[in-house]
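The values are calculated or read from the model by the stated rules, or taken from the named source; none is laboratory data. Quick caveat: nothing in here was measured; it's all calculated off a predicted structure. Cβ coordinates were reconstructed from backbone atoms using ideal geometry, including for glycine residues, and neighbour counts include every protein chain displayed. In case anyone asks, the SASA skips ligands and DNA or RNA and just uses the protein heavy atoms, side chains included. Shrake-Rupley method; radii C 1.70, N 1.55, O 1.52, S 1.80 Å.
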Amino acid sequence: MIIAERELTPLILTPPPNITRVRDAESEQKLFDFLDKTKEFGFDVETTPTKDFFWRRMRSMQFGTFTEQYVIDLKDYCDGNSDLLFNCQGNYGISLNKAPKLQVLLQNLTKYLCSNEWVKVGVNLGFEYECLYWLFGIRAYGWYDCMLAEKCLYAGLGGEASLKNYEFYSMGSMFERYFGKTIDKTLQTSFTLEGELSQDQIE
């Protein structure tokens, strides 16, 4: 073992996350004001858990820091229509014009997503890149991927830290190593295009 075993406790966010749901002009402006003043922020997307990436669709996007979080339910920008949310995605965004509200929102977000001036921080951000490109035709850049940074730290050690041991470089494993806490990732596969997002999913 590279890291000594220690007792792990579940992560409990105290205080609870300060979340703004972005769904109208007022909340959009709050998000853009936040992004204009925040040059480094966490970025994450949630998608439907399909095995074939061709059929995968995005349900939500999240921007934030430790003190502020902004969650966009893309269904809100398709007038609550799950079929529209499905049909406007894929093929590098060729059908995005079917959902004009979502198209305008993404065009406004491109300033932040496609720039080195804003650093997008996360884990396994190659997934976020692939989703943005395949689903919407957005080739985002300016990433800082904690998983790749961790692989650089452990490169060449072999054994448990083998670069092919993907679990060792997961967010859960890194969180345990550095913070001694476990995080619950069970909701990650719960996202669909139907129904309302639960409070737990939003958090």
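Which of the residues spanning the stretch 125-144 are closer than 30 Å to residue 161 by Cα and either out of contact with any Asp or Glu (no Cβ under 9 Å at 6 or more places or on another chain) or open to solvent by 70 Å² or more (accessible area, probe 1.4 Å) (or both)? Spell out the reasoning first.
In the first step, residues of the stretch 125-144 are kept if they are closer than 30 Å to residue 161 by Cα; the result is 125-132, 140-144.
The answer is 127, 129, 130, 131, 132, 141, 143, 144.
Going by the conditions given, is residue 113 of a type in the set (A, V, I, L, M, F, W, C) and either open to solvent by less than 50 Å² (accessible area, probe 1.4 Å) or modelled with pLDDT of 95 or more (or both)?
Working: of a type in the set (A, V, I, L, M, F, W, C): yes; either open to solvent by less than 50 Å² (accessible area, probe 1.4 Å) or modelled with pLDDT of 95 or more (or both): yes.
Answer is yes for this residue.
Take the residues in the stretch 92-108 that are under 21 Å from the mean Cα position of the chain (by Cα) and in contact (Cβ under 8 Å) with a residue 40 or more places away in the chain; name whichever of them is most open to solvent (accessible area, probe 1.4 Å).
Here the residue is 92.
Test residue 87 against the stated conditions and say whether it is under 25 Å from residue 34 (Cα atoms) and free of Cβ contacts under 8 Å to residues at least 40 places away in the same chain.
For residue 87, the condition - under 25 Å from residue 34 (Cα atoms) and free of Cβ contacts under 8 Å to residues at least 40 places away in the same chain - is not met.
Residues are listed down the side, and each one gets a yes or a no for (1) in contact with a helix residue (DSSP H, G or I) (Cβ under 7 Å, 6 or more places away or on another chain); (2) over 21 Å from residue 202 (Cα atoms):
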{"site": "54", "(1), (2)": "no, yes"}
{"site": "87", "(1), (2)": "yes, yes"}
{"site": "95", "(1), (2)": "yes, yes"}
{"site": "106", "(1), (2)": "yes, no"}
